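Worksheet: one structure, shown below.
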Amino acid sequence: MTRAVKSSAKADPWWHDAVIYQVYPRSFQDSNGDGIGDLRGIIERADYFSWLGVDAIWFSPFFTSPMVDFGYDVSNYLDVDPSFGTLADFDEMLAVLHARNIRVILDYVPNHTSDQHPWFAQSRSSRENPKRDWYLWRDPGADGRPPNNWQSLAGGSSWEFDADTRQYYCHTFLKQQCDLNWRNPAVREAMHDVLRFWLERGVDGFRIDAVGCLAKDPALRDDPPNPHFRPGDPPFARNIMVNSANGPDIMGFVGGIRKVLEAYPRDPILIGEVYLKTGEIAPYYGAELTGLHLPTNFNLLWTPWKAAPILEVIGAYEAVLPVGAWPDWVMGNHDQPRIASRLGRAQARIAMLLLLTLRGTPILYYGDELGLEDVAIPPDKLRDPFGTNLPGLNQGRDPERCPMPWDDTPNAGFTTGDPWLPIGGNGPGLSVERQRKDRSSMLSMTRDLLALRRKEPALSRGSWTPLPIEGEALAYLRQHAGSRVGVLLNLEDEHKRLRVAEITTGNVMFSTHERQGRQRIGQDVELAPNEGLIVAL
């Protein structure tokens, strides 16, 4: 593919230039010695965000919860769980971050509530309760079996039988996470009020969890079998989620959420968790861009780490974007193995350079700037029910959620108590303290990249054009207002000599390796093993 993708000509919203940083609050910083990260810990570490150079923080949930799924099972959307602090702590954290020109994005969990939420308690109390239809209740199927074949992503059926009212309720995830009925107008209004509550407090946007699950087939038809299912795949993969998610009326629900945000100043952002193939993402932007601002694009997570498929994914995504839509890129989060574990530490540096130089908004997961790897979790320390419910299937998410290593002390500066999960860091040398002092570290490299991205508009808002080369290397051009920047990435652990016809001469602006000064290069470019370059042309 050789087409250039143009930037938007009109004034861009703030997130076009922004880098979003995801914080998993349980694992970022503990302030009171209970081993669990909290909001006051985030306040203590606020200067780190400014020093690193990120523009917005997306926080995984800290709302009141029984913590069966560590905050994604909400029992009160309008308060902070005591393990994280108080609403006063939240207000202070928001003020502290805003004072540093850092925006705050909250996780919004609209598909389900905890079974401990007062709404579900009322819904469950009787078939005649006014909130009965706030959730998905159905009579048993033949022989008392569940109403259909929908599978929970946490294992087993998506339906749980309630002996008192003799009906099943739907749960896409754990049985303690009860799916709301978004076709009920009262549910939509109550969940819109949740948005308003936090917008009134001053937040700058939301990331919608499991957004596609809001729209299920009203006729409850079975999901079709997956012809590609293999032994060893998780049970939920037996079916294709055609009827249990991503229904045709989904954009009506998303549009209603977007309309709430549009009534507020500060240009609040709406991000949505969309685990879909490249061509299926575009509809989530909505007709005339009235849907999500950024449907999360996870496709680089499962793309083979080879030049041709990576370029194919990038080009395909750019090709399907609606006019005026803005791309985004994700290479790690709280549900996926860490980049360094997938690719190795050397290529993790290349992946970071790729993430921060593609056209679009990058979403950076805490600890990936350190090159953290997944942590081996002893059996007695396993916490994630998705792993313990599906033993042997590698579904547990504990390894990528381990606490941030701030220094080389026994508890890594994260806590004075017993950490809720083993500390991330994989040995001395990967802590923030150690890497801040090392100019060649992954952290220093990431900070330098973020600074360059802010300084050079071609990298933050320029067009993207692939440059043809051969072999396991990537080359592309970013252009904006007369500035031309080339990006060259060696995807292998061996020296490469590349001939790039479009580069006649240029100065090296950045290298993942040490190069002396602004070294000049021509059409024949030498790349060290696992090296990436940014070249001013």
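Values in this text are rule-based calculations from the coordinates and carry no lab data. Here the structure is a predicted model, which means the values were calculated and not measured. Glycine gets a Cβ as well: all are built from the backbone with ideal geometry, and neighbour counts include every protein chain shown.
Inter-label distance, ALA346 to ARG166: 6.8 nm, where each label sits 7 Å from its Cα along the C-beta direction.
Where Rh is the Kirkwood radius over the Cα pairs of segment 18-100, the temperature 25 °C and the viscosity 0.890 mPa s, what D in µm²/s does Stokes-Einstein return? Intermediate values should be presented prior to the final figure.
Working: Rh = 13.0 Å.
Rounded, D is 189 µm²/s.
Residue-wise HN-Hα couplings along segment 401-414, as the Karplus relation 6.51 cos²θ - 1.76 cosθ + 1.60 with θ = phi - 60° gives them from phi, are 10, 6, x, 5, x, 8, 8, 9, 6, x, 9, 6, x, 7 Hz; Gly and Pro carry x. Paramagnetic label reach from ALA308 (point 7 Å along Cα→Cβ; backbone nitrogen cut-off under 19 Å): within segment 463-506, residues 466-476, 489-493, 499.
For segment 182-189, putting each phi into the Karplus relation 6.51 cos²θ - 1.76 cosθ + 1.60 with θ = phi - 60° gives couplings of 6, 7, 8, x, 5, 5, 4, 5 Hz, in residue order, rounded to whole numbers and with x for Gly and Pro. Between ASP335 and ALA316, the simple spin-label model (points 7 angstrom out along Cα→Cβ) gives 2.0 nm. Ellipsoid semi-axes for segment 244-284, based on the Cα gyration tensor and the rule √(5λ), read 22, 13, 7 Å when sorted largest first.
Take the chain, mark every one of the chymotrypsin sites (Phe, Trp or Tyr not before Pro) that falls in a DSSP loop and has at most 16 other Cβ within 10 Å, then report the longest stretch left between them, sites excluded. Intermediate values should be presented prior to the final figure.
Details: sites that count: PHE229, TRP302, TRP305.
Longest run free of exposed loop sites: 306-537.
A cut-off under 14 angstrom between Cβ atoms defines the neighbours of GLU44, and their net charge, with Lys, Arg +1 and Asp, Glu -1, is -3.
At a temperature of 25 °C and a viscosity of 0.890 mPa s, determine how fast segment 315-445 diffuses translationally according to Stokes-Einstein, using the Kirkwood radius over alpha-carbon pairs as Rh; express D in µm²/s, rounded to the nearest whole number. Here the translational diffusion coefficient equals 151 µm²/s.
With bins 10 Å wide beginning at 0, the percent of Cα pairs of the chain falling in each bin runs 4, 18, 28, 27, 17, 6, 1, 0. By the beta-carbon count within 10 Å of each Cβ, the least crowded to most crowded order of VAL68, VAL109, VAL203, fewest first, is VAL68, VAL203, VAL109.
Holding the Cα-Cα limit at 20 Å, pick out from LYS277/LYS306; LYS306/LYS455; LYS306/LYS496 the pairs that are longer than that. Correct reply: LYS306/LYS455. Reported to the nearest whole Å, the Cα centre-to-centre distance from segment 381-406 to segment 288-302 is 26.
The H on the amide N of ASN76, modeled in the peptide plane, is under 5 Å from the matching H of THR64, each at least 5 residues off or on a different chain. Quotient of the Cα radius of gyration of segment 87-202 and 2.2 N^0.38 Å, N being its number of residues: 1.33.
A DSSP coil position with no more than 14 other Cβ atoms inside 10 Å describes the following trypsin sites (Lys or Arg not before Pro) in segment 106-147: ARG127. All C-alpha pair distances within segment 252-387, sorted into 10 Å bins from zero, spread as 11, 36, 31, 18, 4, 0 percent across the bins. Since only ALA210, LEU270, HIS171 are under comparison, the one whose Cα sits farthest along the positive direction of the charge dipole of the chain, derived from C-beta charges on Lys, Arg, Asp and Glu, is LEU270. Shown in residue order for segment 73-78 are the 3J(HN,Hα) couplings computed by the Karplus curve 6.51 cos²θ - 1.76 cosθ + 1.60 at θ = phi - 60°: 10, 8, 9, 7, 6, 10 Hz (x for Gly and Pro). With the convex hull of its Cα atoms as the shape, segment 462-536 has an orientation-averaged projected area of 4.6 nm². Sorted largest first, the spans of the alpha carbon positions of segment 118-184 along the three principal axes are 29, 24, 20 Å. Annotation: amide H of ASN239 within the under-5 Å range of ASN226, sequence separation 5 or more or interchain, hydrogens built in the peptide plane. The convex hull built on the alpha-carbon positions of segment 179-284 has an orientation-averaged projected area of 8.1 nm².
Given charges of +1 on the Cβ of Lys and Arg and -1 on the Cβ of Asp and Glu, with all other atoms neutral, how large is the dipole of the chain about its Cα centre, in debye to the nearest 20?
1440
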